[in-house]
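The values are calculated or read from the model by the stated rules, or taken from the named source; none is laboratory data. Since the structure is predicted, the reported quantities are computational estimates derived from the model, not experimental observations. Cβ coordinates were reconstructed from backbone atoms using ideal geometry, including for glycine residues, and neighbour counts include every protein chain displayed. For accessibility, only protein heavy atoms count, side chains too; no ligands or nucleic acids. Shrake-Rupley method; radii C 1.70, N 1.55, O 1.52, S 1.80 Å.
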Amino acid sequence: MQTIASILAHEIGHCIGFRHTDYMDRNYSCGGAHTNEGASNVGAILIPGTPSTADANSWMLSCINSGGNRPFNVNDVIALNYLYK
Ligand SMILES: [Zn+2]
């Protein structure tokens with residue numbers, strides 16, 4: 001159940017403007033080959049105070065394992081507060 005909640009929170013994250021925190025290399029959370037999502041058609045804006053590299057346990061990582069749980073990490077909270085507080 002926690003995995004479903006994590007996925008729903010992740011998808012809502014996209015709806016409110018967040019990209020994957022490992023967009024520069026999906027291999028970080030998904031495994032497999034190095035895959036850079038690139039700028040896409042929306043660009044990628046680094047939020048001040050958050051890392052420019054893949055962020056361990058972020059709720060916006062590309063992939064999650066079955067049974068995984070991803071509540072907001074410290075950097076996720078910084079990003080949410082930056083955009084919506
Ligand atoms: Zn996603």
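Before moving on, here are some points about what is shown:
- Any hit, the stretch 46-60, residues being over 10 Å from the mean Cα position of the chain (by Cα), within 15 Å of the ligand (Cβ to nearest atom) and surrounded by fewer than 14 Cβ atoms within 10 Å (Cβ to Cβ): no
- Yes/no for ILE64 being within 11 Å of the ligand (Cβ to nearest atom), touching a Lys or Arg at 6+ places or on another chain (Cβ under 7 Å) and not polar (S, T, N, Q): yes
- Matching residues, the stretch 53-69, being among the small types (Gly, Ala, Ser) and in contact (Cβ under 8 Å) with a residue 24 or more places away in the chain: ALA54, SER58, SER62, SER66, GLY67, GLY68
- Conditions (1) away from the ligand (no atom under 14 Å from the Cβ); (2) in a helix (DSSP H, G or I); (3) open to solvent by 80 Å² or more (accessible area, probe 1.4 Å); number of the one not met by LEU80: (3)
- Checking each residue in the stretch 5-38 for being within 11 Å of SER62 (Cα to Cα), open to solvent by less than 40 Å² (accessible area, probe 1.4 Å), part of a loop (DSSP other than H, G, I, E, B) and within 12 Å of the ligand (Cβ to nearest atom) picks out HIS20, THR21, ASP22.
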